[in-house]
1. Just the Cα atoms of the stretch B:180-230: what Rg and Dmax do they give in Å?
2. What relative contact order, as a whole-number percentage, does the stretch A:200-348 give when Cα pairs under 8 Å and 6 or more residues apart are counted?
3. Where the centroid of each part is defined by its Cα atoms, how far is the stretch B:292-306 from the stretch B:45-99 in Å?
4. With no solvent and one point per C-alpha, what does the Debye sum give as log10 I(q)/I(0) for chain A at q = 0.08, 0.09, 0.13, 0.15 Å⁻¹?
5. Enter the mean number of other protein chain beta carbons within 10 Å of the beta carbon of each residue in A:132-144, as an integer.
6. Taking neighbour Cβ counts within 10 Å as the exposure measure, how do A:Ser254, A:Ser288 sort from fewest upward?
7. Quick one: P(r) of chain B from all Cα-Cα pairs, 20 Å bins, percents rounded to integers, in order of increasing distance.
8. If I build a Gaussian network model for chain B, linking alpha-carbon pairs within less than 10 angstrom, which residue out of B:Leu259, B:Leu306, B:Leu142 has the largest mean-square fluctuation?
Amino acid sequence: MIKSIKTWILVGFASLLLVACGQGGGGAGSKKSKTLDNTKKAGFVKCGVSQGLPGFSNADEAGNWTGIDVDVCRAVAAAVLGDADKVKYTPLSAKERFTALTSGEIDVLARNTTWTLSRDADIGLTFVGVNFYDGQGFMVRKNSGINSVNDFKNGISACTNTGTTTELNMRDFFNSKNISYEPIAFEKADEVVAAYDAGRCDTYTTDKSGLAAQRTKMSNPDEHKVLPETISKEPLGPVVRQGDAVWEDIVRWSLNTMIEAEEYGVNSSNASSLKDSENPAIKRLVGSEGELGAAFGLDNDWSLRIIEQVGNYGESYKKHIADTGILPNRGPNQLWTKGGILYVPPAR
Amino acid sequence: MIFKKFNIENKKARDLIPQAITVLALLSVIVYFATNAQINMGNRGISFGFGFLNQEASFDITFSMIEYDGSHSYGRAFLVGLLNTILVSVIGIFFATIMGVIVGVSRLSDNYLIAKVAEWYVEIFRNIPLILQIFFWYFAALRALPLPENGISFYDISFLTIKGWYVPKFIWTNFNIFLLSIIAAFIAIYFINSYATKQREQFGKQIPTLIISFLTLILIPLITFLFLGVSLTFEYPVLKQLSPTVFTYAGGVSIIPELIALALALSMYTATFIAENVRAGILGVGKGQKEAAASIGLNKNQILKLVVMPQALRIIIPPTTNQYLNLTKNSSLAAAIAYPDIVLVFAGTALMQTGRAIEIISITMLTYLTLSISISIFMNWYNKKMAIKEK
């Protein structure tokens, strides 16, 4: 009798296992975009942003998110849902961001994230492009007498964030210069700023755009300066989960549309009036020629909505980065036609 | 029929089956989630494995008790974090215990001022969230401490500055011999004590074991210095200029402010709970016990040592074990102020660099579990030793 009950338990257990496997197995590999369907069903784009980096993704007192990273999510929402405001923002720490994306908590990660080989290839992520070309730099006190990274000497202490490429670049840099240093890595940017401001460390290192933005938070911003050298390449861009090629394309081309729109002089105020433009490239951008949206399962006005509701890349940069005084000079983030390196494949 | 048999005749099966079902249900839930996770990870092209532990970590850590730099492996970085967690926990437990006992006894003091100060201390520090206290001590310390060039000097051999507390470095020759002599001294003390106990129990002789033990602990290592070639020199920290206004100290050992602030916050916080345990323990010993001890002619110290404390400890130890466990787990808040503990180094930086969330979080959880269980086992052993031995 005991034996028969045991058998029953075993059978129950085995069938539970089968159910478990069966449920886990579905999903991927189908040609339709599950993420797109889910986004349409939910009515908003699930977007991962930073916990507050002026210019990139920062919430104001009313809880409205702004920044060039935020604009990528807004562009996707405009393309997919027809309304750039239909975005649900999830502030994430550097540590949480990739897990949040791979686990499906968010569908687009637009959080000043550096595109590297291992991140792209190893942990189930795909980078769709670059929306800001950055590089790591150092901030020091103006009165320190340090005018270049060549003035660093053995024993210097450097504050930074954990879980970022900066930690690795810092080591590469100091090793190559043969300088021994004290790395102090905090989890949140606010603590890094506070510790540096108090004098715990001699220099603060992160992406130069970040340095410029954080300098505004110091007790006396004028006492600090950013050294001229750039020690690394930090192409920052939006990221999606691996395995949903359609969704990946939507996010990629939402970003590309903004850049291409600037290239052809299409902006939020003139876009709708350019429907009858003589330039076919412009006509494709505003949806009056071709059937480009169909490739993603979107209507033909998807790109027009992006330009009208979010604006082109130049407008976004001016509003969030230049006019806020973070980096008035566009540097490498200028169009390729104007001496920068912003170059996107043609939308055709 | 079946149930009748199980219920009444077969007690063993009756006891076993519900437990077996529970275990199976639990296992199937775990297997369900594990399988799901594996399939989902497979779909997204994420591999599962612990091979990354051997890869080069390529990030540096401020403070390490073993040799470490970025060219070592993630496994080594894990060890650095683990040792740092253990270090701050041990320091925290040590000071929390001392402060807890002092404050707990002070609360029972007849002196109104002492009792009130102790009470206020407990009420204030017990009721403020620990993370705020950590921030307070850290940023208060950072704001209050001077820059290196104006460091607070202790006889010019040790300096307290915003960048850390620089102390002389010990440079040993034949350290192994010295270590062996310490071990030898402790073995000798053990035998002296058991001999003294025998003498007391058999012949009623009192031997001043405390003084003898103390002398042994000094004399045996001293012999190694005089005759066995052990020597100790110090390397003192020296002020070093890095740029016109940037200074630091070279040489010596730097105790980083993150460690000081964290240990301070953890021990100040946990001490309040231990103080209450101590107070409860002492109050829990019946008045009659002290009076009875006095009536058989024991002096005040003997009453405390032989009658009150053994009984109070029975009440104090179990809840204090909890506090030790709490302190160890609370040390994970270190990440907030950049103390490189296991959470910051391993579950933080290493997790980020490798992206192996499931593996790393599992290892970290297992590590805390192991630490906590080790403390529990030790404290349970100590508790048993102190418990009433009924004859």
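1. When restricted to Cα atoms, the stretch B:180-230 yields Rg and Dmax of 13.0, 42 Å.
2. Values: 148 pairs, mean separation 33.8, N = 149.
Answer for the stretch A:200-348 is 23 percent.
3. 49
4. Reported log10 I(q)/I(0), two decimals: -0.45, -0.55, -0.99, -1.23.
5. Working: counts 0, 0, 0, 0, 0, 0, 0, 0, 3, 3, 1, 4, 5.
Shielding by partners across A:132-144 averages 1.
6. A:Ser288, A:Ser254
7. The distribution over chain B is 18, 45, 31, 6, 0, given as percents.
8. B:Leu306
Just so you know, all these numbers are worked out from the coordinates, no wet-lab data involved. What you see is a predicted model, and the numbers here were worked out from it, not measured in a lab. Cβ: placed from backbone, ideal geometry, glycine included. Neighbour counts: every protein chain shown.
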